[in-house]
Amino acid sequence: MSDRRISRRKLLGAAAAIPAAAGLHGLVSQPGLGGERALAGASHEHDGFAHATGASHGHDGFSHATFASGRSVDHRANGFNPTELLRDFDYGKTRRLASGRLLREWEIVARDKEIEVAPGVKYEAWTYNGRVPGPTLRAREGEKLRIRFVNGSDHPHTMHFHGIHTALMDGMPGVGERQGGGQIKPGGSFAYEFDAAPFGLHLYHCHTAPLATHIARGLYGAFIVDPKRGRPEADEMVLVMNGFDTNFDLSNEIYGVNTVGFHYVNEPIRVPRDELVRIYLVNALEFDPVNSFHVHANFFQHYPTGTSLEPSELTDTVIQGQGQRAILELKFPFDGDYMFHGHISEFAELGWTGFFRVGDPSRLGSAAAAAAYRELPRGGSGGPA
């Protein structure tokens, strides 16, 4: 490991003298989160920062860093864009069984892949279907599900789904190898089959030891089971809170939602005014015991795990341990840009910050999204039953 790599503590310490962590953009403007040269020079960058950043990213006047002034992550090389991941629900393919029951199927392939998590900061990820987080799998309560997992990685992996199923389908190493399950070796495959239950917001992840490594490298994703009667129409999106230990010291140097730090500062999330917005929030963060979500100038209804159709509280901040998740529902009554972020300052200053943009006429409105959803074929490929 190069001596030029610096820790999260050094990164924040170097920025401490600069208001709003403004100096962070200079610290991480080169591969490996900068180095001692960048660290030493951070204290001299304050004077020109406001002017430089004001013109370099998507939210004018935002005083926090976006890691590297004038640079951006190459989403095409990554193979995914966090803006597109927001509303990318994977319904798989469906067919009717002889019994008349609906079977919903997916194929998930584990691959080793280098991704960029901040401008110039590359990370050796382990992925499901080439992206971090993995695809958001979505089904309806009571359906039969089949997920064919193919291990195209150089490492053994599994898929462990939060939900209700038999031990063989649990993706637990040491359980079911004789039946082809358990830990899947490189080049191997296995079909997980179980019923979609209970309804709510769940997740899946690799359960191979060392577990922290397999999760931290990117092997996780959201798993939504809609209730049979559905939920009210809304503009829906998925936010998977995550982080990246780029120098492998068991602490994260980059934080965000849907992988790329500060992405939703540079590209604010466009949402409708006075219409219901539904957020599927999942905490997949490793190496930190808790994470959080806070929205400015608004409150939301909080549905922990989404397993009840009645909210537990009206609030503006939620705290989640690893693996916890919740559905959040709110409406924005005023136009403008509204910040959301992790309510742990250290996380926010290292990437876990974004904006909702309300009232932008160029947005893809919820009505258009809902119309596209309604056009999906029922009982066929790609659509809900």
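Here is a yes/no grid of residues against (1) among the small types (Gly, Ala, Ser); (2) more than 17 Å from the chain's Cα centre (by Cα):
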{"residue": "Arg229", "(1), (2)": "no, yes"}
{"residue": "Asn242", "(1), (2)": "no, no"}
{"residue": "Ile254", "(1), (2)": "no, no"}
{"residue": "Glu275", "(1), (2)": "no, yes"}
{"residue": "Glu286", "(1), (2)": "no, no"}
{"residue": "Val290", "(1), (2)": "no, no"}
{"residue": "Ser312", "(1), (2)": "yes, yes"}
{"residue": "Glu329", "(1), (2)": "no, yes"}
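Taking Arg178 as meeting all but one of (1) more than 26 Å from Tyr280 (Cα to Cα); (2) in contact with a Ser or Thr (Cβ under 6 Å, 6 or more places away or on another chain), write down the number of the exception.
All conditions are met except number (2).
Are there any strands (runs of 3 or more DSSP E) wholly within segment 239-349 with 3 or more residues that are in contact (Cβ under 8 Å) with a residue 60 or more places away in the chain, and if so which?
254-257, 269-271, 277-283, 325-330
Kindly list the number of the only condition in (1) free of Cβ contacts under 8 Å to residues at least 60 places away in the same chain; (2) closer than 30 Å to Val271 by Cα; (3) within 18 Å of the chain's Cα centre (by Cα) that fails for Ala118.
The failed condition is (1).
What is the number of the single condition among (1) within 17 Å of Leu285 (Cα to Cα); (2) surrounded by 14 or more Cβ atoms within 10 Å (Cβ to Cβ); (3) in contact (Cβ under 8 Å) with a residue 24 or more places away in the chain; (4) of a type in the set (A, V, I, L, M) that Ala212 does not meet?
Condition not satisfied by Ala212: (2).
Identify, please: which residue in segment 86-115 is of a type in the set (A, V, I, L, M, F, W, C) and part of a strand (DSSP E or B) and is, among those, farthest from the chain's Cα centre (by Cα)?
Leu102
Give the residue, chosen from Gly200, Gly221, Gly181, that is at pLDDT below 95, in contact with a strand residue (DSSP E or B) (Cβ under 7 Å, 6 or more places away or on another chain), under 21 Å from His165 (Cα atoms) and not charged (D, E, K, R).
Just a single option satisfies the conditions, and that option is Gly181.
For residues in segment 317-328 being more than 11 Å from Leu281 (Cβ to Cβ) and not hydroxyl-bearing (Ser, Thr, Tyr), which is surrounded by the most Cβ atoms within 10 Å (Cβ to Cβ)?
Here the residue is Gln322.
The values are calculated or read from the model by the stated rules, or taken from the named source; none is laboratory data. What you are looking at is a predicted structure, and each value in this text was computed from that prediction instead of being measured. Here the Cβ is made from the backbone with ideal geometry for all residues, glycine too, and neighbour counts use every protein chain on show.
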